Amino acid sequence: MADVRLRGAHRAVRGRRLTERPNWGAGVAAVVWLAFVIIPIYLMVKDALQTTDSYLDGGPLSLPRHVTGHNFVDVFDRGFTRYLINTAIVTVASAALTVLLAFPAAYAIVRSRSRAVSGIFRLFLAGLAIPAQATIIPVYLLITRMHLYDSLTAIVLPTVAFGLPLSILVLASALRDVPRELYEAMTLEGGGSVRLMWSLALPLSRASLTTVSVYCALNAWNGFLFPLILTQSDEQRVQTLGLYNFQGQFSSNIPGLMAAVLLSAFPIFVVYLFARRWLVAGMAGVGGK
Amino acid sequence: MTTALPAARRGGVRAAEKSTDRAARPGVLWVVPAALFFMVFAGLPLLLVAVLSFTSWNGLGTPRFNGLDNWSRLLSDSSVWQSLRISAILTVLCWAVQTPLALLLGVWAAGRQRNRAVLSSIFFLPLLMSTAAIAITWLTLLDPNFGLAAKWGHYIGFPDGNIIGSPRGALGCVVVVVAWQFVPFHTLLYQAATRQIPQSLYDAATVDGAGRVRQFRHITLPQLRNTIVTSSVLMLVGSLTYFETVLILTGGGPGSATNILPQHMYMTAFRDYQMGYASVIALALVALGTALSLLIVRFSGFAKMRSTLEGI
Amino acid sequence: MGETPLSRRTFLSAAAITGLSAPLLSACGTSGPAGAKGGGKTVQAWVLVDEAQNRVQNVAIDDFNKGSSGKVKLLPISSDGAVYADKLRVSMGSPNPPDLLFNWGAGSIRNYVQAGGLVDLSSQLNADTTWKNSFLPSVLNAGQIDGKYYGIPMRGMQPVVLFYNKTLFAEQGQKPPATYDDLLKLVDFFKGKKIQPFALGGLDQWPELMWLEYLVERAGGPTVFQNIAAGRPGAWRDPAIATALSQIQDLVRRGAFGTNFNSVNYVNDGAGLLFAKGKAAMHLMGTWEVSNQVERHRKFAETDLGFAPFPSVADGKGDPNAVVGNPTNYFSVSTKSVDKDAAIAFLKKEMAAPAYVDALIKSGDVPAVTGIDAKLSASPQPEFARYVYQLVQKAPSFTLSWDQALMPQFKTPLLANLQKVFSGKQTPQQFVTALESVK
């Protein structure tokens, strides 16, 4: 995974002629795309700020007659806080567990000479191919037989399992970039495998750890299928399912529904505002593999 | 297996470095927790899908073996083949819409101008939303009497706003919503890759008098070849995840116009409660996923892995 | 065919392997197994999400919880009946199913009964004749499976009724249709006035089924569907089916539902709104339309909402008094309930109790309870309530909605193929062939 900071360093060196010349054709396309992206978002925000009556009477494009924050209050009254907390628990647990499992595995895959390890690596590579939907029936069966049905744990377990292959792949390619000489140097100072991983490999693969965490966290935050099948009660509901349910509850109260949609994306939006580079690099990193 | 080469390769490297490398090597135990976890929650379910495909089970009680019944039914079940066809159409359409868009936008966004930076940060907003949020939002826009479809439907050939309710319109809706959601991600990939093209290539071309279009065709496109492959394969494999969009947006309808294979499996399993037969469809999905992922490994990860292996 | 139960050991060993990783997980601080059932033996009652109804159900629950050691808790699951049924299915297959479950009787619970998941309430009902006689027999009996009672009526009766905008009709000098020919004339009339004759939430598919149900009932009587439900060979080939489907295609061609009906939802109030805003003149819908309109568009519900029976069809074999729809919803008790006695005690004490019946009536429902003629004036729509009460009492048959009555594997093909007929993508013959091939 190309290091983001390195890329930044090239920036100054590279010429600024072509890339900074105005490009009218692409510019027009970009503006059209901008409109396409922004209109639904604009409508979302605008609708969330008006009353149902003003939405229905004014039609989809009218400006709100009065701005109201009532819809947001309404969403919270319907227990959205709990959904957000549940989602946060699932997100943190999934990301932490994935990294905890994937990093030692990736380290061993790169450093170990055992045939068994390379065999297992092949298994993970093959695992990239398993679409989560295809296994949902037995996953459901397993979870119910383990008496985990309708719990947040039930969501975390398969989410982590299906996040592992890509995480290990990303981490392994990053660890391969750590020069062999560094391992040898540290070994001379008397380091075992644990110390090598902890004080050498870990600090040097911070960028891909970010990538993997962002990838797993986003996956868990936005997960829909596992919560849909593996949970049922209001107590265990995550935000995506909360939205899905609100759809019927709000019926023609589109402003209320849009307020819920906005609130569901709000935490990620805050991360985006304050750690944009980090988030974007994380997403691009996964794609780069 | 496609992964045979890296392993073999490592064997070769291993012999060469043996004399100098004395650093500690972790054993197989380090991989066991991850492997075990993966086997239980992904490997075992896969195995169970295969077992369930030979059973009849309605979700209650215990599955019963029924031999090859489900499989012979697959052969004569036109609805599965129709779903497969719809899946293929949708995948190709999504690819054909997203790739040129993401490519152009990515190259454009790679520029360092301030306005491009600002605009790109807006482009990426859909990345922050979940599939559920996006599908629900679009569904409200598509109401033919009170949504945006009522106002603007006639611009795109749907004067009565009947977009999501017509077979073609519904398929189009899925493509548009998927593009809205995923083009930003692929733009990101192209943006990052474009920034890595050496400026010297363009400088030389400019000296030779090549215009922008020629530079794009002869420098940018070839240099982005790997990214195009990666992004395309991600799209192809990702097309299996359009299921959530379809479930919320159209539920496979109208009729079965958007009934893609994962949706068909979901309905068979969790609405018709034919878990055994649904497992057969699930296996078809796995086969598809494997075929597409082999592409990933062959075209992108594979080459990269080989080059990075040299560094061990 | 020789079916052998899949060895229990396969699953047990799977669970054992899985157990190995459980300590790993708890070490990472994720939440433990959910305590949805923890904290005493609360009886969970699963219902459809419906603000007005959930309030009423809580009236009964609060009353019961005050006077009993067993406690009941309401769990509204989803507002979409199809999603609710999915969730119920998944939960019934799990080790901790709901204790009390809202259902539609017949096909919606037949599998659960066969799997031994529901408590047979016959002896309870027969032992307590006052309790049994407090429900309308036709409705109570509609909840029977193989001659046994598995459900207690818990909601109002929900026949499908032809709603119309009476203010709009008065302005245009029109009357609700008495015959199918009247209906066709009204379609042409309103179309000429640029008003959509019927609202129809085709996106959700099941509203389209109501048309088929009534037209088949009028053309061939209740036996047509009884044969289908019983799985008799050739039942789908009854000429009444083809007749009804052709009538539907004729209605679509005449523009009875406008052109964009397949984009209109019912669940999210798309069709109801169209009707309430005067953009559609009529709406064929279950009686719950009234409480929805009262909740969402009160003014329209109070001044404009008119109702009529589905018109008679000339030459049809069906009785024009027959109705289709949902006789009612039932509460059934799960055999795996944490506290079966409390669940049954709740049904016994509350389902025909005056407070609950009054609350139902106030919400606009017409409970399937005997001798409530006088109470119906407390309904927000007393005229409508009395009308429904009479309608059901004089109906010779009450056919349950097909998607609820048939076995689950029919549901998707039935709705999907009917939607194709509505959008003109399929002929009646193709529809029949498609449904005959469902196994």
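The helices (runs of 4 or more DSSP H) found entirely in region C:245-336 that carry 1 or more residues being acidic (Asp, Glu) are C:288-296, C:298-303. Look at region A:159-187: where a residue is assigned by TED's automatic domain parsing to the domain that holds A:Leu230 and a partner is among the charged types (D, E, K, R) and assigned to a helix (DSSP H, G or I), sitting 6+ places away or on another chain with Cβ atoms under 8 Å, you get A:Ser173/B:Lys304; A:Leu175/A:Arg111; A:Arg180/B:Glu17; A:Tyr183/A:Arg111; A:Met186/A:Arg195.
Every condition in (1) surrounded by fewer than 18 Cβ atoms within 10 Å (Cβ to Cβ); (2) out of contact with any strand residue (DSSP E or B) (no Cβ under 9 Å at 6 or more places or on another chain); (3) not polar (S, T, N, Q) holds for C:Lys193 except the one numbered (2). Scanning region C:146-191 for residues that are over 22 Å from C:Gln393 (Cα atoms) and assigned to a strand (DSSP E or B) yields C:Lys148, C:Tyr164, C:Asn165.
So that you can scan it fast, the table gives a plain yes or no per residue for (1) buried (at least 24 other Cβ atoms within 10 Å of the Cβ); (2) more than 7 Å from every other protein chain (Cβ to nearest Cβ):
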| site | (1), (2) |
| --- | --- |
| A:Met146 | no, no |
| A:Ser151 | yes, no |
| A:Ala154 | yes, yes |
| A:Gly163 | yes, yes |
| A:Ser167 | yes, yes |
| A:Ser173 | no, no |
| A:Arg176 | no, no |
| A:Arg180 | no, no |
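Scanning region C:41-73 for residues that are part of a strand (DSSP E or B) and either over 15 Å from C:Tyr330 (Cα atoms) or not hydrophobic (A, V, I, L, M, F, W, C) (or both) yields C:Thr42, C:Val43, C:Gln44, C:Lys71, C:Val72, C:Lys73.
For region C:130-177, a tally of residues being closer than 30 Å to C:Ser332 by Cα, over 22 Å from the mean Cα position of the chain (by Cα) and of a type in the set (A, V, I, L, M, F, W, C) returns 1. Of the residues making up region C:103-129, those that are outside any loop (DSSP other than H, G, I, E, B) and either within 14 Å of C:Phe331 (Cβ to Cβ) or in contact with an Asp or Glu (Cβ under 7 Å, 6 or more places away or on another chain) (or both) are C:Asn103, C:Ser108, C:Ile109, C:Tyr112, C:Leu118, C:Gln124, C:Leu125. Counting only residues that are touching a Gly at 6+ places or on another chain (Cβ under 9 Å) and within 22 Å of C:Phe398 (Cα to Cα), region C:89-107 holds 4 of them. Restricting C:Asp365, C:Asp358, C:Asp403 to those that are buried (at least 22 other Cβ atoms within 10 Å of the Cβ), among the acidic types (Asp, Glu) and not in a loop (DSSP other than H, G, I, E, B) reduces the list to C:Asp403. Considered as a group, the residues in region C:368-398 that are of a type in the set (S, T, N, Q) and crowded, with 21+ Cβ neighbours inside 10 Å include one that is nearest to C:Pro311 (Cα to Cα), and that residue is C:Gln381. Scanning region B:265-293 for residues that are in a helix (DSSP H, G or I) and farther than 30 Å from A:Leu169 by Cβ turns up B:Met267, B:Thr268, B:Phe270, B:Met275, B:Gly276, B:Tyr277.
Okay, residues lined up against (1) outside any helix (DSSP H, G or I); (2) within 9 Å of another protein chain (Cβ to nearest Cβ):
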{"residue": "A:Ala220", "(1), (2)": "no, no"}
{"residue": "A:Gln232", "(1), (2)": "yes, yes"}
{"residue": "A:Thr240", "(1), (2)": "no, yes"}
{"residue": "A:Asn245", "(1), (2)": "no, yes"}
{"residue": "A:Gly256", "(1), (2)": "no, no"}
{"residue": "A:Ala259", "(1), (2)": "no, no"}
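With B:Asp143, B:Asp160 as the choices, which residue is surrounded by fewer than 23 Cβ atoms within 10 Å (Cβ to Cβ), within 7 Å of another protein chain (Cβ to nearest Cβ), of a type in the set (D, E, K, R) and within 20 Å of B:Thr258 (Cβ to Cβ)? Answer to the selection: B:Asp160. Which one of B:Gly147, B:Gly111 is of a type outside the set (A, V, I, L, M) and out of contact with any helix residue (DSSP H, G or I) (no Cβ under 8 Å at 6 or more places or on another chain)? Of the residues listed, the single one that is of a type outside the set (A, V, I, L, M) and out of contact with any helix residue (DSSP H, G or I) (no Cβ under 8 Å at 6 or more places or on another chain) is B:Gly111. From the list C:Gly105, C:Gly81, C:Gly116, exactly one residue is on the phi > 0 side of the Ramachandran plot and under 19 Å from the mean Cα position of the chain (by Cα). Which is it? Within the list C:Gly105, C:Gly81, C:Gly116, the selection yields C:Gly105.
Restricting attention to region C:256-274 and to residues that are more than 8 Å from chain B (Cβ to nearest Cβ) and more than 19 Å from the chain's Cα centre (by Cα), the residue that is surrounded by the fewest Cβ atoms within 10 Å (Cβ to Cβ) turns out to be C:Ala256. Quick check on my filter: what residues within region B:40-90 are among the charged types (D, E, K, R) and either surrounded by fewer than 15 Cβ atoms within 10 Å (Cβ to Cβ) or not in a helix (DSSP H, G or I) (or both)? Correct list: B:Arg64, B:Asp77, B:Arg85. Please specify each residue of region A:87-114 satisfying the condition of being within 8 Å of chain B (Cβ to nearest Cβ) and of a type outside the set (A, V, I, L, M, F, W, C). Across region A:87-114, the qualifying residues are A:Pro104, A:Tyr107, A:Arg111, A:Ser112, A:Arg113, A:Ser114.
Scanning region A:135-162 for residues that are in contact with a Leu (Cβ under 9 Å, 6 or more places away or on another chain), assigned to a helix (DSSP H, G or I) and among the small types (Gly, Ala, Ser) yields one hit, A:Ala154. Confirm whether B:Val229 is more than 8 Å from chain A (Cβ to nearest Cβ), more than 22 Å from B:Leu171 (Cα to Cα) and not basic (Lys, Arg). Against the criterion (more than 8 Å from chain A (Cβ to nearest Cβ), more than 22 Å from B:Leu171 (Cα to Cα) and not basic (Lys, Arg)), B:Val229 qualifies. Does region A:121-134 contain at least one residue that is β-branched (Val, Ile, Thr) and in a helix (DSSP H, G or I)? The answer is no; no qualifying residue exists. Being aromatic (Phe, Trp, Tyr), in contact (Cβ under 8 Å) with a residue 12 or more places away in the chain and closer than 23 Å to C:Ile109 by Cβ holds for only one residue in C:Tyr164, C:Tyr180, C:Tyr149, C:Tyr214, and it is C:Tyr149. When you check A:Asp74 against the structure, is it among the acidic types (Asp, Glu) and either touching a Ser or Thr at 6+ places or on another chain (Cβ under 6 Å) or buried (at least 24 other Cβ atoms within 10 Å of the Cβ) (or both), yes or no? No, not satisfied. Going through region A:40-51 one residue at a time, which ones are more than 24 Å from the chain's Cα centre (by Cα) and within 11 Å of chain B (Cβ to nearest Cβ)? Scanning region A:40-51 gives A:Leu43, A:Asp47, A:Ala48.
The values are calculated or read from the model by the stated rules, or taken from the named source; none is laboratory data. Remember, it's a predicted structure, so these values are computed and weren't measured experimentally. Quick reminder, even Gly has a Cβ in these numbers, built from the backbone with ideal geometry, and neighbours come from all protein chains shown.
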